[in-house]
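Working notes, structure below.
The values are calculated or read from the model by the stated rules, or taken from the named source; none is laboratory data. Here the structure is a predicted model, which is why all the values come from computation and not from measurement. In this analysis, Cβ positions are derived from the backbone assuming ideal geometry, glycine residues included, and neighbour counts consider all displayed protein chains. Each accessible area value is taken on the protein alone, full model and side chains, heavy atoms only, with ligands, DNA and RNA left out. Shrake-Rupley method; radii C 1.70, N 1.55, O 1.52, S 1.80 Å.
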Amino acid sequence: MLHVQASLRRLGPVPGGAAGVIDALLDLLGPEGTLVAYTATPENSATSRIHQAAVAGRSPAEVADYQARMPRFDPATTPASPTMGALSEAIRTHRGALRSRHPQTSWAAVGRRAREITARHPDTCHLGVDSPLGRLYDLDARVLMIGVPMDRFTAFHLADLRLPDVAVREYRCVGEDGWTAFEAPDLDDLHFGALGARVLRLARGVTTARIGGADCRLVPVREAVDLAERIRREECRV
């Protein structure tokens with residue numbers, strides 16, 4: 001079970017490009033393996049930082065017009081955000097890939113356990129225990145970071161959302177049936193850089209390597225999340 005986060009630019013030229021990387025990973029995983037990508041679409045959410053930046057400086061009427069023209073999220077056709085990287089989008093469109101239906105924080109998977117990972121993803125659980133990320137934790141998956149630093153380590157969200165008294169706020173997204181509003185835990189990743197540095201100093205199961213032009217890490221989800229949760233709880237007590 002492998003979740004991959006990659007910068008193909010840092011990796012350098014690969015025969016076949018993103019498709020070649022996917023083929024190589026699936027070959028390594030074998031017929032029992034599953035390849036997973038985060039295929040989020042924060043652009044679909046009127047409450048995301050990306051959307052707020054896109055409408056900054058517009059009048060209320062211009063914002064309303066912009067939002068009225070935003071396409072509905074369709075798990076089969078809506079591209080992953082460009083911020084997710086070309087490999088995530090290539091996994092989403094790979095033959096046989098399945099995708100969860102969350103309008104802002106979807107995941108895609110290819111392989112034997114793809115349906116198990118993506119089948120359930122309630123709106124109110126972006127990246128928590130009842131999301132595909134929670135199932136990656138339960139299944140003791142690994143994360144392959146290809147040229148991507150730990151301040152982008154998506155699984156840290158799960159550690160944050162397991163803390164007590166997590167703040168909740170309203171989200172507004174363009175879902176499959178149009179605009180929808182719901183309350184869910186407040187997501188923030190601005191502290192991931194410092195958190196990642198501390199986790200790497202404590203983790204025992206992390207493997208590092210150089211592949212092409214990219215510094216790479218293979219990180220156990222369960223160990224990283226448990227360490228991150230412990231660190232965050234210690235910080236909350238200070």
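Observations, loosely collected:
- Cβ pairs under 8 Å, 6+ apart, first in region 56-67 and under 14 Å from A46 (Cα atoms), second basic (K, R) and surrounded by 10 or more Cβ atoms within 10 Å (Cβ to Cβ): Y66/R58
- G85 surrounded by 15 or more Cβ atoms within 10 Å (Cβ to Cβ), within 13 Å of the chain's Cα centre (by Cα) and on the phi > 0 side of the Ramachandran plot: yes
- Residue count for region 134-184, restricted to those that are charged (D, E, K, R), closer than 16 Å to H102 by Cα and without any contact (Cβ under 8 Å) to a residue 24 or more places away in the chain: 1
- Hey, V110 in a strand (DSSP E or B) and touching a residue at least 40 places away in the same chain (Cβ under 8 Å) or not: yes
- Filtered residues of region 88-97 (kept if farther than 19 Å from R10 by Cβ and either more than 15 Å from the chain's Cα centre (by Cα) or small (G, A, S) (or both)): T93, H94, R95, G96, A97
- Any pair with Cβ under 7 angstrom, 6 or more apart, that starts in region 70-86 at a residue that is at pLDDT 95 or above and polar (S, T, N, Q) and ends at one that is assigned to a loop (DSSP other than H, G, I, E, B) and open to solvent by less than 40 Å² (accessible area, probe 1.4 Å): T78/T41; S81/A40; S81/T41
- Region 57-79 - residue that is of a type in the set (D, E) and over 20 Å from the mean Cα position of the chain (by Cα) and, of those, least open to solvent (accessible area, probe 1.4 Å): D65
- Scanning region 161-181 for residues that are under 21 Å from A64 (Cβ atoms), within 20 Å of the chain's Cα centre (by Cα) and not charged (D, E, K, R) yields Y171, C173, V174, G175.
- For region 43-56, the criterion of being under 13 Å from the mean Cα position of the chain (by Cα) and either basic (K, R) or surrounded by fewer than 16 Cβ atoms within 10 Å (Cβ to Cβ) (or both) is satisfied by no residue at all.
- Residues in region 206-238 that are surrounded by 13 or more Cβ atoms within 10 Å (Cβ to Cβ) and in a strand (DSSP E or B): I211, A214, D215, C216, R217, L218, V219, P220.
- Counting only residues that are in contact with a helix residue (DSSP H, G or I) (Cβ under 8 Å, 6 or more places away or on another chain) and either in a strand (DSSP E or B) or open to solvent by less than 80 Å² (accessible area, probe 1.4 Å) (or both), region 190-201 holds 7 of them.
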